[in-house]
Amino acid sequence: CMNYTFPSSYAWGNFTVLAVGIWAIVQRDSLDAILMFLTGLLLTVLTDIIHVSIFYPSNNHPSDLKRFSLGMAIFSLLLKPVSCYLVYRMYRERGGE
């Protein structure tokens, strides 16, 4: 987000899901909060794939900062299915169907 490799929609989407996740953690009895967090995580998986595929640099020698930024975006994308699974387990514990 700090390298301007991706547009601002990448940062806004991920930070919004982070804010909903904090809300879901704070309100332990809210089923809606955890469901919104799970839905947001699933949507950001799709949008992250689109952002990385569209904005990946086409030149062969990107700067170290761009490579680090892209590596962290890909690492975040790889961790999101694990996060989705853990949030789904929290959803089931809170009484979700």
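Brief remarks follow.
- Degrees separating the helix 64-93 axis from the principal Cα axis of the chain, which is the longest one: 10
- Calculated Cα extents along the principal axes in Å (choose from [x] 77, 23, 23; [y] 50, 19, 18; [z] 53, 49, 17), label: [y]
- Computed [θ] at 222 nm, deg cm²/dmol, the chain (DSSP H ≥ 4; -39,500 (n - 2.57); rounded to nearest 500): -27000 deg cm²/dmol
- Per residue accessible area of region 46-97, 1.4 Å probe, in Å²: 75
- Dipole magnitude of the chain about its Cα centre (Cβ charges: Lys, Arg +1; Asp, Glu -1), debye to nearest 20: 160
- Cα centroid separation - region 77-92 against region 18-71, whole Å: 13
- The chain: angle of helix 8-26 to the longest principal axis, Cα-based, in degrees nearest 10: 20
- In the chain, taking the dipole from charged Cβ atoms about the Cα centre, the farthest positive-side position among Gly96, Leu79, Ala19 is held by Leu79.
- Percent carbon-and-sulfur accessible area, the chain, ignoring ligands, DNA and RNA, probe 1.4 Å: 67
The values are calculated or read from the model by the stated rules, or taken from the named source; none is laboratory data. These numbers were taken from a predicted model, which means no experiment stands behind them. Note that we place each Cβ from the backbone using ideal geometry, even for glycine, and neighbour counts take in every protein chain shown. In case anyone asks, the SASA skips ligands and DNA or RNA and just uses the protein heavy atoms, side chains included. Shrake-Rupley method; radii C 1.70, N 1.55, O 1.52, S 1.80 Å.
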